[in-house]
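The values are calculated or read from the model by the stated rules, or taken from the named source; none is laboratory data. In this text, all values refer to a predicted model and were calculated from it rather than measured experimentally. Don't worry about glycine lacking a Cβ; one is built from the backbone with ideal geometry, like all the others, and counts go over all protein chains shown. Areas reflect the complete protein model, heavy atoms only, side chains present, ligands, DNA and RNA absent. Shrake-Rupley method; radii C 1.70, N 1.55, O 1.52, S 1.80 Å.
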Amino acid sequence: YTRWSQNYGTDFWAMDKFQIGGGISDADEGTNNEIVEIFPEGGTLLLGKENRVIIKISSNKAFRPDLVGKILDENHQEVSRVSFYSSDLGTAIFKPMADKAYQVELEDGRQFPIPKAQTEGYLLHINNLDEGNAKIRITESIMAPKAEVSLIGTSGAITYLTQQLNIGGKKVLDIELSKASFPHGIFTLKLVDDLGEELAKRPIWIEGKQVDINIEPIESTLAKNMKSYKLKVTDDKNEPIKTQLAVSINRHG
């Protein structure tokens, strides 16, 4: 990582998290130290709605397929199970209720509080398992203020999708989004209101197809000893693709 990496936007920055303090003893350091983080999908938890949360465990322990976790209420009653699908990631779906507090409990009895659910806002849930389409469910709280809501899709600094939404009286909108015209890599979907205020955000991974970059000289009005070139990026069907390029020009001959 160098400062040169900053030329290409935040997707290319080197980012890492580290813990300061926390009462780690010398005996624990480097052996059993774990940091547990809880993320609501889309960044919001709504009261009375089905919410998905991601549980991330930063640990140096090997993954065990029988890893157990559950969500408990303030009376230590189980309301949901956590399904772990990698060495450090798990997911759970539960419906938070008013005047209740929730926590994630791991199999060793340690508990970690879940952020408090909100009465107003939007949920942005995405199923990205299908190769060609992303299935999106947008849920609006009953008391959400009236506003025009749009779905924005970006990669790097380029906006590829802007779609105004009509969620309707049922407060739930399902969208099937084709990924064919989006570039390979991290693609960020977010909900914004009519003032551009971000309501929810969810990145997905786009498994891109092979692209071709064609470079050819073109006529130009530049000085005699200078040349101009046209760069064209196309997909596997020879259709042009909107993208960003980093161009390096080296002296030769």
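A simple spin-label model places the labels of K227 and E50 6.0 nm from each other, with each point 7 Å out along Cα-to-Cβ. Under the simplified labelling scheme, the E148-T2 pair shows an inter-label distance of 4.6 nm, with each label point 7 Å from Cα along Cα→Cβ.
Between amide H atoms placed 1.01 Å from N, distances below 5 Å from N133 occur with K179, all of them 5 or more places distant or on a separate chain. A dipole drawn for segment 85-152 from +1 and -1 charges on Cβ atoms has a positive end, and of Y102, N128, Y85 the residue lying farthest that way is Y102. Computed across segment 132-252, the Kirkwood radius stands at 17.6 Å (inverse of mean 1/r, all Cα pairs). Among residues other than L173 with Cβ under 10 Å from its Cβ, the summed charge is +1 (Lys and Arg +1, Asp and Glu -1).
For an R0 of 30 angstrom, estimate the FRET efficiency from the Cβ-Cβ distance between T91 and I241 and round to the nearest 0.05. Taking R0 as 30 Å, the efficiency between T91 and I241 is 0.35. Cross-linked pairs K17/K171; K17/K49; K70/K135; K17/K209; K49/K242; K17/K70: Cα-Cα separations exceed 29 Å for K17/K171; K17/K49; K17/K209; K49/K242. Hydrodynamic radius of the chain by the Kirkwood approach over all distinct alpha-carbon pairs: 22.0 Å.
The distance between label points at E78 and F39 comes to 2.7 nm (points 7 Å beyond Cα on the Cα→Cβ vector). Taking the protein heavy atoms of segment 120-168 in the context of the full set of protein chains, the accessible area attributed to carbon and sulfur is 47 percent at 1.4 Å. Each peptide in 103-112, 48-57, 187-196 receives the mean, over its residues, of other Cβ atoms within 10 Å, and ordering these scores from highest gives 48-57, 187-196, 103-112. Could you please state, rounded to a whole Å, how far the C-alpha centre of segment 195-226 is from the C-alpha centre of segment 137-169? Cα centres, segment 195-226 to segment 137-169: 25 Å. Positive contributions from Lys and Arg (+1) and negative ones from Asp and Glu (-1), summed over other residues with Cβ under 15 Å from the Cβ of P203, come out at +2. Accessible surface for the chain, divided over its residues, is 69 Å² per residue with a 1.4 Å probe.
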